[in-house]
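A short write-up of the structure that comes next.
The values are calculated or read from the model by the stated rules, or taken from the named source; none is laboratory data. In this text the structure is predicted, and so the values were computed from the model without any measurement. Because the Cβ atoms are built from the backbone with ideal geometry, glycine has one as well, and the counts that use them run over all protein chains shown. For accessibility, only protein heavy atoms count, side chains too; no ligands or nucleic acids. Shrake-Rupley method; radii C 1.70, N 1.55, O 1.52, S 1.80 Å.
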Amino acid sequence: GASSPVGDGRDNRGEEEELLNFTEGDQPNALVSLTGEVVVENSSNDSMSVQLQSKSEFMTAVLVLDRVAPSVSKNSSYYYEVTVVTGGLAQIGWACLAGDNTAFEPNNETGDGVGDDGSSFAVDGSRGLKFHDGNEWEYSIQWKAGDRLGCLLDNSDEESKISFTINGKYLGVAFKTELKPLVPAFSCNMGEILELHTTKDGCKYFPSGLSDVVAVQDLFSDAESPNKSTSGEAKPVQTANKSQEPVAEPTAQSETVPKPKVVVAAAAAAATATASGPSEVRKEPVKPEPLDLDQYTSVQELEALGLDRLKSALMALQVKCGGTLQQRAERLFSLKGLDRKDYPQKVRAKEFVE
């Protein structure tokens, strides 16, 4: 199917937060890019699934679950699956978007995604790890290209339990947390492809043996979903700049189960609008370049090198390279004199190797 870019939300947090607050009449189930750029395509294998491909260093997207069908109990358990098409580095799980000071806040520049803050939980089968609140632990998970990850949020007790499966094999409870509104969330490296399966029919290993489990897309009653008008014609996709783009004609199957809406962030819309304007010289990407820290005695001396030079030095050390000029200089200076094995976990990039 035709691809749809979801824009880079790093500089448009305000616009995206506004988009997360759906009003009556808006489509409640939206696929939203929080940081980085992602291309979304219809799956060629499953008409009710979509594929995401990251076009940024560490993209993060969520499936917003804003309004639940009346038939769904608040103690229901939620489930979805992800095919790791390319099988590389990805952090997949659940995140909380609610709360002024506790909402999930990924950062593409610093490489922080799902599981890297206190409001999200994730696993990565390429590294055999689970993540929460900036910490990582070994977890009995390994995936390869084409494997199917099952993600279960069990709300049946006084706390939420998060567990995972690989190709239907149960891997055990990975996390326990207080009951809170969690939504499906996914981060992955540039070029990685994930295929989302959010309906019961689309899930290959749906846990039918468990009581009161619903697929995340089935949380929404067809009568309430504004994805389909009463005449059966698809409604336009909402974008951050309020422009309207027609979606594909619905098939008989898509009329009964609405697919996730893609919210296009303002940065991508602006880039599209100016694409036909005057050509600009494209800036060369920053490449890793080592820096002898012994030659610098203060953070201020490092700041004088500028953002790009600091980024290249941080990249050469395989540590997080985003942030302001001062943040990059402070992070780099803090590593002066340390052996790689002593680098703090919080500064290590995803590709870090001791």
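Model label points for Lys204 and Arg340, set 7 angstrom from Cα along the Cα-to-Cβ axis, are 3.6 nm apart. Overall, segment 102-152 carries a charge dipole of about 380 debye about its Cα centre when +1 sits on the Cβ of Lys and Arg and -1 on the Cβ of Asp and Glu, all other atoms neutral. Where Lys and Arg each count +1 and Asp and Glu each count -1, what net charge lies around Gln318 among other residues with Cβ under 12 Å from its Cβ? Here the charged neighbours net out to +2. Rounded to 0.05, the FRET efficiency of the Glu351 and Lys161 pair, given R0 = 35 Å and the Cβ-Cβ distance, is 0.65.
Sort the following peptides by mean Cβ neighbour count (other Cβ atoms within 10 Å, averaged over residues), highest first: 295-304, 209-218. Kindly include the intermediate steps, with their values, before the conclusion.
On the way: 295-304: 14.2, 209-218: 16.7.
Ranking, from highest mean packing down: 209-218, 295-304.
Could you list, in their original order, any pairs among Lys161/Lys346; Lys55/Lys169; Lys55/Lys180; Lys130/Lys346; Lys130/Lys287; Lys176/Lys204 whose Cα atoms are separated by more than 21 Å?
Details: Lys161/Lys346 25 Å; Lys55/Lys169 31 Å; Lys55/Lys180 31 Å; Lys130/Lys346 15 Å; Lys130/Lys287 29 Å; Lys176/Lys204 25 Å.
Cα-Cα > 21 Å for Lys161/Lys346; Lys55/Lys169; Lys55/Lys180; Lys130/Lys287; Lys176/Lys204; rest within.
Dipole magnitude for segment 91-175: about 620 debye, using +1 per Lys or Arg Cβ and -1 per Asp or Glu Cβ, origin at the Cα centre. Each of Asn45 and Glu284 was given a label point 7 Å from its Cα along the Cα-to-Cβ line. The distance between the two points is 4.0 nm. Using C-alpha pairs under 8 Å with a sequence gap of at least 6, the mean separation divided by the residue count of segment 91-178 gives a relative contact order of 18 percent.
With all protein chains in place and a 1.4 Å probe, the accessible surface of segment 109-204 carries 44 percent carbon and sulfur.
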